[in-house]
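Have a look at the structure below, then the notes.
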Amino acid sequence: MGLVSISITGLSVLFTLSFTFVRGGIPSTLDGPFKPVTVPLDKSLRGNAIDLPDTDPRVQKLVDGFQPEQISVSLSATYDSVWISWITGDFQIGDNITQLDPSSIESFVFYGKYGYPITHQKTGYSLIYNQLYPFEGLQNYTSGIIHHVRLTGLKPNTLYQYQCGDPNIPAMSKMYYFKTMPISGPKSYPSRIAVVGDLGLTYNTTSTIDHLISNHPDLVLLVGDVCYANMYLTNGTGSDCYSCSFSQTPIHETYQPRWDYWGRYMQPLVSKVPIMVVEGNHEIEEQAENQTFVAYSSRFAFPSKESRSSSTLYYSFNAGGIHFIMLGAYKSYGKTDDQYKWLERDLTNVDREVTPWLVAAWHPPWYSTYKAHYREAECMRVAMEDLLYKYRVDIVFNGHVHAYERSNRVYNYTLDPCGPVYITVGDGGNREKMAIEHADEPGNCPEPSTTPDKYMGGFCAFNFTSGPAAGKFCWHQQPEYSAFRESSFGHGIIEVKNETHALWTWHRNQDLYRAAGDQIYIVRQPERCPVVA
């Protein structure tokens, strides 16, 4: 409901209006649950899932020597702190590589409020990482020097200017700008938050990012699968299907320069708009000595320590009156594991009077009706869904499935007015193309034995024991918990309006910038759905 105040002969009178009128015809979750909708496939949209070549000027190094490149901003746990990250020097790839010395270059950021003299400076730390293979003929990689500097004592909702680099060489960047998040409070929110998954670095990616930039977000949420470096051999040969083309490789290789290309391409956006990333399966990148997630953990700065997490694979942060929880689907999540214990502590400490909105994100979806990755993350759902439900998580964002889908409010595969709305946005534009087949269509239901996640192992996806699909592994029609699904590339924008209403808009790449492929108000009902934990 909405309130409108008017004055009659000096008296202020409040009238309660239907929110349908205030919303201007946009539906809300209060109008649901909705009957399932599937938008027919437009076959013309399958093209252009081709990676940008290394000759594209948008991915080439444009600075000299040790000048900063791949500059990005990410948030700390609260509004008064951000991380500035960048890379200096050249990566090396080949049989004989020589690591750069991180201590040879200082990590400085000079900053201040926009329009005022720059009077603040901070130093941080630097590192390099390697991607090494214990097999003859595979090329090893060592990165440029990666710098991370945490700025503190910042004012909320304020535009800052900054330069990064080493003034002693000198090798400094030009001036860049970022805006801090609003102070955490029930009436304080970023204007727009962009949500995208499975982005990659294709010509479809460029369309997605162009559309995303046109929506002027204050924050970008990337729910896994960043640059798809692991779709390449170490000699730079790529494929749309690694396992199909390179089935005889002794280890799943990656071509690490794709990370550098991605960082250069994204710099015009993420050097001024903070980006928060959670890992996907394409970030596993196994190498010698069973190391994994090294590039992901090295290249981005995470508020892990600030949010009392012991891992870069899961963490939390505030953006105004929203508390975000980023979970690791490729890190142990059982009730005796560190991640589960951290999640329970984090949820317990959330003050819904300060941050009314609780949003979670991880890579593989629990509620997806596409054949690709169907019920793959079932063990994670079994372990964690009760906890998220008890603490009344409002929205969940996922990627992994290369299509778009929005659920009705759901808990344990059952329509529930207090369950989260699950939104899959794995349609950023990567080279693996779109998911188009649905598990509920004739002949598409996968064999249960094929569904366990290959990395985490375990098996939890059994036939349904109740409801319309009782005794079956798949529904025979679009499930009632699936409200809307479409196979198109795109991204989403979430605009939180107040303590109870948030506008979600999904934008398709083939539409004009201001058009909406899907739009709905997500409405919280804290009185009806109090926290029960």
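How much of the pair distance distribution for the chain lies past 29 Å, counting alpha-carbon pairs only, in percent?
Cα-Cα pairs of the chain separated by over 29 Å account for 52 percent.
Measure off 7 Å from each Cα along the Cα-to-Cβ vector at Asn498 and Asp337, then give the distance between these two points in nanometres to one decimal.
Distance between the two pseudo-spin positions: 4.1 nm.
Given just the C-alpha atoms of segment 365-466, how large is their convex hull per residue in cubic angstrom?
Working: hull volume 11.4 nm³, N = 102.
Dividing the Cα hull volume of segment 365-466 by its residue count gives 112 Å³.
Take every DSSP beta bridge with both residues inside segment 179-303 and express the antiparallel ones as a percent of the total, to the nearest 5.
The answer is about 20 percent antiparallel.
Based on the mean of other Cβ atoms within 10 Å per residue, sort peptides 340-353, 375-388 so the most packed one is first.
375-388, 340-353
Rounded to two decimals, what ratio of Rg to Rh does segment 138-197 give with C-alpha atoms and a Kirkwood Rh?
1.12
With 19 Å as the limit, write out which pairs from Lys187/Lys390; Lys43/Lys433; Lys187/Lys341; Lys61/Lys174; Lys305/Lys341 have Cα-Cα distances beyond it, or answer none.
Too far apart for the 19 Å limit: Lys187/Lys390; Lys187/Lys341.
How compact and how long is segment 279-409, expressed as Rg and Dmax of its alpha-carbon atoms in Å?
Expressed in Å, the Cα Rg and Dmax of segment 279-409 come to 14.9, 48.
Give the aspartates and glutamates reachable from Lys113 as a straight Cα distance under 19 Å; neighbours fewer than 8 places away on the same chain don't count.
Asp80, Asp218
Any number yet on Rg/Rh for segment 162-301, C-alpha, Kirkwood?
1.03
Which Rg and Dmax, in Å, describe the Cα atoms of segment 390-445?
When restricted to Cα atoms, segment 390-445 yields Rg and Dmax of 13.4, 38 Å.
So what does log10 I(q)/I(0) come out to for segment 296-340 at q = 0.20, 0.21, 0.28, 0.33 Å⁻¹, using the Debye formula with one equal point on every Cα and no solvent?
Those come out to -0.67, -0.73, -1.08, -1.23, one per q.
Write out the cysteines belonging to the chain for which the nearest other cysteine Cβ is not under 4.7 Å, or none if no such cysteine exists.
Taking the Cβ cut-off of 4.7 Å, the unpaired cysteines of the chain are Cys164, Cys227.
Using R₀ = 35 Å, calculate the FRET efficiency as 1/(1 + (r/R₀)^6) where r is the Cβ-Cβ separation of Ala288 and Thr450; round to 0.05.
On the way: r = 30 Å, r/R0 = 0.86.
Given R0 = 35 Å and the Cβ-Cβ separation, E is 0.70.
Which of the aspartates and glutamates could be linked to Lys335 by a straight reach, that is with a Cα gap under 14 Å, when you skip same-chain ones fewer than 8 residues away?
Candidates past the 8-residue exclusion: Glu344, Glu385, Asp386.
Against the empirical 2.2 N^0.38 Å scaling, what ratio does the C-alpha Rg of segment 89-144 come to?
So segment 89-144 has a normalised radius of gyration of 1.71.
For the chain, what is the accessible area per residue in Å² when the probe is 1.4 Å?
41
Between Val39 and Met172, how high is the FRET efficiency from 1/(1 + (r/R0)^6) when r is the Cβ-Cβ distance and R₀ = 60 Å? Nearest 0.05.
E between Val39 and Met172, to the nearest 0.05, is 0.75.
What's the percent breakdown of Cα-Cα distances in segment 437-533 across 5 Å bins, shortest bin first?
2, 10, 13, 13, 13, 15, 18, 13, 3
Equivalent ellipsoid semi-axes for segment 266-333, as square roots of 5 times the alpha carbon gyration tensor eigenvalues: give them largest first, rounded to whole Å.
22, 17, 10
For Asp64 and Glu527, compute 0.36 nm times the residue count separating them, minus their Cα-Cα distance, and round to one decimal in nm.
This chain segment gains 160.8 nm when fully extended.
Order of 197-206, 147-156 by packing, highest average Cβ count within 10 Å first? Let's see the in-between values first.
Details: 197-206: 25.2, 147-156: 17.9.
Result, highest mean first: 197-206, 147-156.
Could you work out the percent of alpha carbon pairs in segment 346-411 separated by over 14 Å, rounded to a whole number?
Across segment 346-411, Cα pairs with separations above 14 Å total 61 percent.
The values are calculated or read from the model by the stated rules, or taken from the named source; none is laboratory data. Source: prediction; values computed, not measured. Here the Cβ is made from the backbone with ideal geometry for all residues, glycine too, and neighbour counts use every protein chain on show. Calculation scope for accessible area: heavy atoms of the full protein, side chains included, ligands and nucleic acids excluded. Shrake-Rupley method; radii C 1.70, N 1.55, O 1.52, S 1.80 Å.
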